[in-house]
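The values are calculated or read from the model by the stated rules, or taken from the named source; none is laboratory data. Only a predicted model underlies this, so the values are computations on that prediction, with no experimental measurement involved. When we count neighbours, we look across all protein chains shown, and the Cβ atoms used for this are built from the backbone with ideal geometry, even at glycine. Accessible surface areas use protein heavy atoms only, side chains included; no ligands, DNA or RNA. Shrake-Rupley method; radii C 1.70, N 1.55, O 1.52, S 1.80 Å.
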Amino acid sequence: LSLHDALPISERGKFDLVFISDSMVMDPTDHPSFLCRFEPTSLITALAMCTTHVGLGATVSTSFNEPFNVARIFGSIDHLSGGRAAWNVVTTSNMKAAQNYSREEHLEHEQRYARAQEFVDVVKGLWDCWEDGAVVADKATGQYVNADKVRPLNHKGRFFQVRGPLNMARSPQGHPVIIQAGGSPSGLELAARTADVVFAVVQELEPAKAAYADLKARMAKYGRAPEEIAVLPGVMPIIGETEAEARAKLAKLQSWINPTNAITLVAS
């Protein structure tokens, strides 16, 4: 199925969110799922037009974008979709990606996450420049905006200087949903401080419990209650009409693995 066909099926099946991952770099030896990818915010905007209820998430990197652009893009998608936009915040781990953005080297790990912390702060700040009810749209007086409810951001930080305000009214959700999936200590701090949803891929129950407790325990220092983050564990279902059919599908997938693509995927 194409995504255009699959999305309405997901919606009828009561899925809450369809999420599109992304990559800033490609190599012909990569796994096929990494080779041909539409830009995800463009894709979820198109998918918003053929769905009504399902949430639409897209990955956008804080390492190779600007906060004003990201705030504007996801604010626009939230308006166009009636309040269904979600931003998956990533710092981009692949070092080769820097070479596609006029850099010889990638920022080191801790610097990437320091940039991401400030990046998310600026994006949320821009979304908050417009208060609820700022748009008056009074045809009798000609007043469109209550200027007292729109303010500049005037952010000056280590990585960004952003005046604001954003050039659109507050989006239906106020803040589009923030998703995070970092597993390092820096990634967990970013999630504890900013995320609404955390993707977790932990293979065994006891380590999963420990990771869950670790993340939730980090939230108090940021004045957040544990229930403010939903943790979504990752699984890869292989589905068939029978167990034999499902195992045959898995065997076919496994048959496409060779030493070259396996090493590339695992090494990354």
* To do: Could you size up the charge dipole of the chain around its Cα centre, putting +1 on the beta carbon of Lys and Arg and -1 on that of Asp and Glu, and report it in debye to the nearest 20?
  => 440 debye
* Considering amide H positions built from the backbone, and no H for Pro or chain starts, which residues 5 or more places from Ile20, or on another chain, come under 5 Å of its amide H? -> Gly57, Ala58, Thr59
* Angle in degrees between helix 243-255 and the longest Cα principal axis of the chain, rounded to the nearest 10 -> 90 degrees
* Carbon and sulfur atoms: what percent of the 1.4 Å accessible area of the chain do they account for? -> 56 percent
* Hey, can you find the accessible area per residue of the chain for me, probe 1.4 Å, expressed in square angstrom? => 59 Å²
* **37 °C / 0.692 mPa s Stokes-Einstein diffusion coefficient of the range 89-164, Kirkwood radius on C-alpha pairs, µm²/s** => 216 µm²/s
* Flagged links, alpha-carbon separation over 22 Å, of Lys124/Lys221; Lys14/Lys249; Lys209/Lys249 -> Lys14/Lys249; Lys209/Lys249
* Asked: Taking the range 162-241, which GluC sites (Glu not before Pro) meet the DSSP loop condition and have no more than 14 other C-beta atoms within 10 Å?
  -> Glu204, Glu241
* Just the Cα atoms of the range 155-200, one point each, no solvent: what log10 I(q)/I(0) does Debye give at q = 0.32 Å⁻¹? -> -0.99
